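Colleague: First the structure, which I've put down as structure tokens, then a few questions once you've had a look.
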Amino acid sequence: MDRRVDESKAAAMTLIELLPSLVFAISIFSVGEMLSSPKFSEFMGNFAPAEKKAMYLGFSQIPLAVGWTLEGFIGPRLYEHYASKDIFARELIVERGLMDAQGAEAIKNGEAFDKLVALTGEAPQALTDVLYATHDVGMVWNIMGVVGILSAIGIYVYGRWILTLKRS
């Protein structure tokens, strides 16, 4: 029980230490969103012919709808495959012969890592290191980075294409 109290205190201290950075990051994101969202709508409204403003504004939101829909579908699957500590802990429990596969699956969601710590008696940080060393948890960020870069390249190519169409 004392170990859990110590871990809770350590987690709280880490959160307190990270709080200024989190507030700063959220503030920067919020300011960027406040500056860009109205300008995007204004641009679309100015760009559209007067009789088609509503249609242009409506269609301008389609990429956001597609993005949010795909993110809700793809994001959790990427997380499960590349970064789920709970799933990795279940796999390690079975690999080490601490439980059979059915027993590991019967562990409540979110409790597999704690069960792994209890069964092995190893330090949580040591087990975290083992889990992350045997799985490519950074791959999620690589995939998101590639999607972001490809999106930026696609927007640039599209913009150049539109300019060539206007000129001809």
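What follows is calculated from the coordinates using simple rules that are stated; it is not laboratory data. Since the model is a prediction, treat every value here as computed from it, not as a measurement.
Colleague: Springs between alpha-carbon atoms under 10 Å, Gaussian network over the chain: tell me which of TYR56, TYR79, TYR158 tops the mean-square fluctuations.
Modeller: Maximum fluctuation in the GNM of the chain, among the listed residues, is at TYR158.
Colleague: Within the chain, count lysine pairs with alpha carbon atoms under 21 angstrom apart where the residues are 8 or more positions apart or belong to different chains.
Modeller: So the count of such lysine pairs works out to 8.
Colleague: I've got another one for you. Using only Cα atoms, find the angle between the long axis of helix 124-133 and the longest principal axis of the chain, and express it within 0 to 90 degrees, rounded to the nearest 10.
Modeller: Once rounded, one gets 50 degrees.
Colleague: Running a GNM on the chain with Cα contacts under 10 Å, which residue among GLU51, GLU122, GLU80 ends up with the highest mean-square fluctuation?
Modeller: GLU51
Colleague: Give me the angle, in degrees from 0 to 90, between the Cα long axis of helix 62-82 and the longest principal axis of the Cα atoms of the chain, rounded to the nearest 10.
Modeller: 20 degrees
Colleague: Quick one: grab the alpha carbon gyration tensor of the stretch 13-85, order the square roots of its eigenvalues as a ≥ b ≥ c, and give me rounded if a/c is under 1.5, else prolate or oblate depending on whether a/b is larger than b/c.
Modeller: Taking the square roots of the gyration eigenvalues as a ≥ b ≥ c, the stretch 13-85 is oblate.
Colleague: What angle do you read, to the nearest 10 degrees and between 0 and 90, between the alpha-carbon axis of helix 139-167 and the longest principal axis of the chain?
Modeller: 10 degrees
Colleague: Another question, then. Quick check: from the Cα gyration tensor, does the chain come out rounded (a/c under 1.5), prolate or oblate?
Modeller: It is prolate, given that a/c is not under 1.5 and a/b is the larger ratio.
Colleague: Shifting gears a bit: Normalising by the residue count of the chain, find the relative contact order in percent from Cα pairs under 8 Å and 6+ residues apart.
Modeller: Reported as a whole number, the value is 17 percent.
Colleague: Let me ask another. Comparing VAL146, VAL137, VAL117, which has the greatest mean-square fluctuation in the GNM of the chain with Cα pairs linked when under 10 Å apart?
Modeller: VAL146
Colleague: Calculated from DSSP H runs of 4 or more alone, at -39500 (n - 2.57) each and per residue, what is the 222 nm mean residue ellipticity of the chain, nearest 500?
Modeller: Helix-only estimate at 222 nm: -28000 deg cm²/dmol.
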